[in-house]
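Reading through the C-alpha cells given below for one structure.
The values are calculated or read from the model by the stated rules, or taken from the named source; none is laboratory data. These figures come from a predicted structure and were not determined experimentally. In this analysis, Cβ positions are derived from the backbone assuming ideal geometry, glycine residues included, and neighbour counts consider all displayed protein chains. When the accessible area is computed, the model is the full protein with side chains, heavy atoms only, and any ligands, DNA or RNA have been set aside. Shrake-Rupley method; radii C 1.70, N 1.55, O 1.52, S 1.80 Å.
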Amino acid sequence: TGNTTLANATTTNLFSTTASSTNLFSQLATIGTLTLNNILGISSGGTGQTSFGQGWLSSDGSALSASTSPTVNYIVATSTTVSNIFASTTTAPYLGLSALGAAGSPALTFTGDSDTGIWSSGANVLNFSTGGSERVRIDSNGYMGIGTTTPWLALSVKSPNAGGQFVASYDDSTYATLAVDATGDLKFTANGGDIRALSENLWICDNGACPTLTATSTAGNVFVENAITFGNGFSIASTTGSTSELGLYNGSGNLMLIFDDGA
C-alpha cells in the first residue's frame, strides 16, 4: 500500500515494521516496499531491492564488528549493488539470482568454495558443479544426466571408468557393480560371487526379439535362442534347419552328436 521506512528504530528482529514486532516476515504480504535505512530493502513487487549501504550486509565480504553487527547471521556480498536478493510473486516469496552462473562459477555457491554449487545453463535446466566442473544436470524433460550434458532417458550415466558406472552395496565390503565397457558390453560383478534371478526367467535372444517358448516350469528357466557354448568351445544348439533336433558341436563347429525327440 506504499513505502514504510525505518530510519532509527531499535529492533531485535531481522525484518519488522515496528520496533516491537516479533514476526520475521509478518508484514511483507501487505505492504509494497519495506526499507530499513542502511540495512536492506525488500520489495513485494517481484524485483527486489537493487542497492544497499552499510549495516547487516557487508559490502566487502568481511565480518562486521560486534559493535555494529546484531547477533544474527547476515548476508555477504561483494558489491554494493545486488539484484533480486529477495523477491516475490503473488503467491509466495522466493530467492532470485541475477545471473545464471556457469560450471566454474555457480550462481548459488559457498564461502571459500566458489566453484561448487548450483547454476543453470539455460531455461528449465538445473545444473550442479563441484570443483569447477559440471557433475549433474536435470533438463527440461526432467531427465537427469550424471557425467553427461545430454541425458537421453530418465537417468543417464556416462563414465569411462572401467570399474563400473553403478554400484549397489549391502555394506562397505559387500557390493555388486554394473559396468559398460569401451566395446559396449554389459558386465555384472558380484562381490559375493553369485548373480541370482529369484522367481524369474533369463532370456537370451537375437536381434531384440525372443521366440515364443514354453518351459516346464514358470520360473527358474534359461531361454537361449541360438546356442550354449562352454569354456572348451563345445556348444549345444538346434541343428541347422531342424526344430526337433539338438546337436552337440565341437570347438570347430562340427556336429558330433544329435539328440532327436523321436518324432
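Structure values in brief
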| read-out | value |
| --- | --- |
| For the stretch 191-250: rounded, prolate or oblate by the Cα gyration tensor [a/c cutoff 1.5] | oblate |
| Percent of beta bridges antiparallel (DSSP, the stretch 113-263, rounded to nearest 5) | 85 percent |
| Gained length - PHE128 relative to ASN207, 0.36 nm times residue gap less alpha-carbon distance | 24.6 nm |
| Separation of alpha-carbon centers, the stretch 101-138 and the stretch 197-263, rounded to whole Å | 52 Å |
| Calculated FRET value between LEU97 and SER159, using beta carbons and R₀ = 41 Å, to 0.05 | 0.85 |
| Globularity ratio of the stretch 105-263, using Cα Rg and 2.2 N^0.38 Å | 1.60 |
| Förster radius 51 Å - calculated FRET efficiency between ILE195 and THR111, Cβ distance, rounded to 0.05 | 0.65 |
| Computed FRET value (nearest 0.05) for THR243 with ALA219, which takes r as the C-beta separation and R₀ as 22 Å | 0.35 |
| Convex hull volume of the stretch 177-224 per residue (C-alpha atoms, cubic angstrom) | 100 Å³ |
| Probe 1.4 Å, protein heavy atoms only - accessible area per residue of the stretch 179-229 in square angstrom | 82 Å² |
| Ordering of 159-165, 174-180 by packing [mean C-beta count within 10 Å, highest first] | 174-180, 159-165 |
| Solvent-accessible surface ranking, highest first, for ILE236, ILE228 at 1.4 angstrom | ILE228, ILE236 |
| Rounded if a/c under 1.5, otherwise prolate or oblate - the stretch 97-160, Cα gyration tensor axes | oblate |
